[in-house]
Amino acid sequence: MVAAAHINSWYALTTPDRTANPALEGNIDCDVCVVGAGIAGCSTALHLAEKGYRVVLLEAERIAWGASGRSGAQAIFGVACGQKKLEKLVGLSDARAIWDITVEGLKLQRDLISNQKIDCDYVAGQIQVAQKPRQDQDLRAEFIQLQQRYNYQSVSLIERDALNTLLASERYFSGMLDTASGHLHPLKYTEGLAAAAMRAGVKIYERSGALSYTRQNKKLNVTTAAGIVRCTSLALCGNAWLGPFAPTLAKKIIGVGTYMIATESLGQNRAAALITNNAAITDMNWILDYFRRSSDHRLLFGGRVSYSGLDTVNTARATRARMLQVYPQLKDVKVEYAWGGYADITMNRAPHFGRLEPDVYFLQGFSGHGIALTGIAGKLLSEAIAGTNERFDLFANIPHRNFPGGAALRRPALMLAMLWYRLRDLL
């Protein structure tokens, strides 16, 4: 298993071992250097290679070491800020075009899994659940918007009595099921994308963090600890882990800690009774809970973000307590795995794509909504590098602001702002 190379998660313990890719030593030439071997980077590399580009992919740790291999892994339509806010940011026409791309992203993910034969436990179906009357009203308004304004017909409302037949919990008022969304094993999926990229000709180097880049003779030189990649274009897909490599980008995002647990195996019947249609579940709180069944009959449950960037609580115990609020009948069940990671969020919760220079592109700011969006983002970035910019620029034109307070005060400022949302969840 790959546990030694990754955080000690259920995902790592259930992913087959593989021989690590070598670290870069010496100099290498290519058309495009991609930094970051998560879903966004692997998708970018794969789509570029399929267009005939020579691609080098650099990863500071191991493939899917960051958020791509640790997340709640719910593949959901749209962007994290929601369509209503997106319309205010870019207007209805562009918001509709972005929406269509996110729906295409769901299909692209299913096609990649099928065409590349990626064994990643994919299951169709995701339910957004309302916990309070106010959320129930919001959910119904969103349903009408999706069906009438966006002509999205794969969603259906679930009233409380029907929801109680799907979820063995009395916590929720109503739900909205999307049959085009779903859930999967994120580490297996990202490893599968990386394998597909390598079959297409991409050279992937692990333990090869990008330290800096310079220009020389019309080429970009990307420096690692033991080598240099000489390229024509550079694609930055490291998100919250780029750090000092791209300080301008770091001002637009902040890494938010989020945590997950995996119970012991419940057995097929007991696990199936918790979510009878095996959909993934997400509530509508700002500090949300998300959960689903695993392929080996566990409950995977996540939530409880840390805006301080520090794990100041016993996350396994705290997350288990949240799980028991949903499923008190699991009080006798042990938690076997607990892990955390960082999601890169923007001020407005919209994704942040763009260019630092005409030949230096970036993807970041998926704000916890990236399992499907990162894949289509990589395809859009490949299109832009190949000279077709229109779809990429829909996202690049979304306005973004720096987090306030500078390096020293941005987290305390964010924590104060988030306190209001925590209080709002209680209303």
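Every number here is computed from the coordinates shown, using simple stated rules; none is lab data. Model, not experiment: these values are computed from the prediction. Counting neighbours? That spans all protein chains shown, and the Cβs are built from the backbone with ideal geometry, glycine included.
Which trypsin sites (Lys or Arg not before Pro) in the range 191-260 pass both tests, a DSSP loop state and at most 12 other beta-carbon atoms within 10 Å?
Here the trypsin sites (Lys or Arg not before Pro) that fit, given the DSSP loop and packing criteria, are K218.
Protection proxy ranking, highest mean first, for peptides 341-349, 72-80: 72-80, 341-349, where packing is the per-residue count of other beta-carbon atoms within 10 Å, averaged.
Over all projection directions, the Cα-based convex hull of the range 93-157 averages an area of 5.7 nm².
In straight-distance terms, cross-link reach from K331 covers every one of the lysines whose alpha-carbon lies under 28 Å from its own, apart from those fewer than eight places away in the same chain; here that gives K132. Residues considered: R391, R134, R62. Largest GNM mean-square fluctuation over the chain, using C-alpha springs under 10 Å, is found at R134.
Between the helical axis of 39-50 and the longest alpha-carbon principal axis of the chain there is an angle of about 50 degrees. Legend: P(r) of the range 181-332 from all alpha carbon pair distances, 10 Å bins from 0, whole percents, reading 9, 26, 27, 21, 13, 4, 0.
Loop-resident GluC sites (Glu not before Pro) (DSSP state other than H, G, I, E or B) in the range 55-164 with no more than 14 further Cβ atoms inside 10 Å of their Cβ: E159. When T223, T214 are sorted by how many other C-beta atoms sit within 10 angstrom of their C-beta, beginning with the fewest, the order is T214, T223.
Against the main long axis of the alpha-carbon atoms of the chain, helix 186-199 sits at an angle near 30°. When each of V155, V326 is scored by the number of other beta-carbon atoms lying within 10 Å, the sequence from fewest to most is V155, V326.
Across all directions, the shadow cast by the convex hull of the range 3-409 built on its C-alpha atoms averages 19.1 square nanometres.
Enter the angle in degrees (range 0 to 90, nearest 10) between the Cα long axis of helix 133-144 and the first principal axis of the Cα atoms of the chain, meaning the one along which they spread out most. Relative to the chain, helix 133-144 is tipped by roughly 60 degrees. Annotation: extensible slack from L211 through N8 equals 70.4 nm (criterion: 0.36 nm per residue apart, minus Cα-Cα distance).
Residues considered: A162, A12, A60. Largest GNM mean-square fluctuation over the chain, using C-alpha springs under 10 Å, is found at A162. Taking every C-alpha pair closer than 8 Å and separated by at least 6 residues, the mean separation divided by the residue count of the chain gives a relative contact order of 24 percent.
When both the range 2-70 and the range 90-138 are represented by their alpha-carbon centers, they are found 24 Å apart. The label-point distance for A162 and K331, in a model that sets each label 7 Å from Cα toward Cβ, rounds to 3.3 nm. Spin-label model, R355 to Q268: label points 7 Å out along the Cα-to-beta-carbon direction sit 5.5 nm apart. Checking every one of the chymotrypsin sites (Phe, Trp or Tyr not before Pro) in the range 140-218 against DSSP loop status and a limit of 10 other Cβ atoms within 10 Å picks out no site at all. Taking a straight Cα-Cα cut-off under 14 Å and skipping sequence neighbours fewer than 8 places away in the same chain, the aspartates and glutamates within cross-link reach of K107 are D178. Please compare each pair in K88/K252; K51/K219; K84/K188; K117/K251 to a cut-off of 31 Å on the Cα-Cα distance and tell me which ones are over it. Violating the 31 Å limit, Cα to Cα: K84/K188; K117/K251.
Taking R0 as 30 Å, what's the FRET efficiency between A20 and K219 from their Cβ-Cβ distance, rounded to 0.05? The value I calculate is 0.60.
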